Amino acid sequence: MPLTIRQLAPTFAAEIRGVDLRSTPSQQVLDEIYDTFLKYRVVVLPGQALSMEQHLDFGELFGPLHVLPTVKGMDLRIKNRAIDDVSNLASDGSLAGANSPKAFFALGNQLWHSDLSFCENPAHASMLHASEIAEEGGETQFCDLVAAYETLDEATKAQLAPLIAEHSLAHSRVRGGDSQADVEYLLKLRPPAMQPLVRTHPETGEKVLYIGAHVARIEGMEAEEGEALIQKLIDHATQSERVYTHRWAVNDLVIWDNRQTLHRGRPYDVDNVRRVMHRVTVDGDGPNVVEGKVIEPDVRRRDVRVPA
Ligand code: OGA
Ligand code: MN
């Protein structure tokens, strides 16, 4: 059966139908999904009734998976750290409650961000699968960072070209409202990383604005000036014509390219409504800044392969 692809927003995002990812796709179908992912940046695959094992297996077709560190004080419902438990449940499967460390930690997800941009090797793809959804709220929004870059004026492009930003998980958690955050601990768990503000996409060669809530400061700028610039750029990137809002259905699998989009979760009734999502994250292609110098990538599409 051929895949059908339907664009979802003016500049990006597509839905793919006609594939069941419970079994390994053919090489041709994998290539088609992967090319759609690179071209549209966000891909929605409805009706994927995946087990965690099948979700992990599909994720690995895109590349090595990111394994999360164990966070102190966090109730681990899912022991396999290649799966991020994006839910509001405690380890016993009951609602954790709006005052739980888990709910506080998750607040940062409601700010526009790119997953793992605080890592030296930040994320390639994230694959989020919906098991239980909120009827009201709980949407996930995406914005297009290629369109955001293209629509900057030339003077701004020139101003941004040489800039390097520090990305920090501790910073975004505190900004998100996690008043329980142990900043010292988070800085040790996830040491901040430097990223170019304008990044060349390592597979498409396109320029993208690489910004988001993890940006803690811009090198060579006063804190206030840096913050104002980042806020201005996020506002520009998230104008409505560059945003796709995903209203979830159970068994949607949404895949996004963290190198060319930002996303954020929208609020919902965390205290009373179960929202259960699992995320598998594919690692990127290595550091973007080494010893203060931006490493320009050797632009090349990843060779994604179905195992023989
Ligand atoms: C994520 C994330 C937002 C949401 O899984 O990386 O930011 O809507 N999720 O759950
Ligand atoms: Mn995220």
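Taking amide hydrogens as placed 1.01 Å from N in the peptide plane, the amide H of residue 271 sits under 5 Å from those of 98, each at least 5 positions away in sequence or on another chain. The residue among 82, 194, 143 whose Cα reaches farthest toward the positive pole of the charge dipole of the chain, with charges on the beta-carbon of Lys, Arg, Asp and Glu, is 82. Diffusion coefficient (Stokes-Einstein, Kirkwood radius over C-alpha pairs, 4 °C, 1.567 mPa s) for region 1-100: 82 µm²/s, rounded to a whole number. Remark on the chain: Rg and Dmax equal 18.6, 56 Å (Cα only).
From the alpha carbon centroid of region 121-200 to that of region 253-308 is 10 Å. Restricted to Cα atoms, region 20-178 shows a radius of gyration and a Dmax of 18.0, 54 angstrom. Measuring max minus min along each principal axis, the C-alpha atoms of region 122-190 give extents of 43, 36, 23 Å (largest first). Under the classification rounded if a/c is under 1.5, otherwise prolate if a/b is larger than b/c and oblate if not, where does region 166-270 fall, given a ≥ b ≥ c as square roots of the Cα gyration tensor eigenvalues? Taking the square roots of the gyration eigenvalues as a ≥ b ≥ c, region 166-270 is oblate. For the chain, the Cβ-based charge dipole about the Cα centre amounts to some 360 debye (Lys, Arg positive; Asp, Glu negative; other atoms uncharged). Note on the chain: dipole from Cβ charges, positive end direction compared against 96, 169, 114; the farthest Cα belongs to 96. Taking amide hydrogens as modeled 1.01 Å from N in the peptide plane, which residues meet the under 5 Å criterion relative to residue 276, leaving out close sequence neighbours? Those lying under 5 Å, H to H, from residue 276 are 131, 132, 133.
For region 175-191, 3J(HN,Hα) computed residue by residue from phi via the Karplus equation (6.51, -1.76, 1.60; θ = phi - 60°) reads 4, x, x, 7, 6, 8, 4, 9, 4, 4, 5, 5, 5, 6, 5, 10, x Hz, glycine and proline entered as x.
Here, each number is a calculation from the coordinates, and none is a lab measurement. Owing to the predicted nature of the structure, the values given are computational and were not obtained by experimental measurement. Glycine gets a Cβ as well: all are built from the backbone with ideal geometry, and neighbour counts include every protein chain shown.
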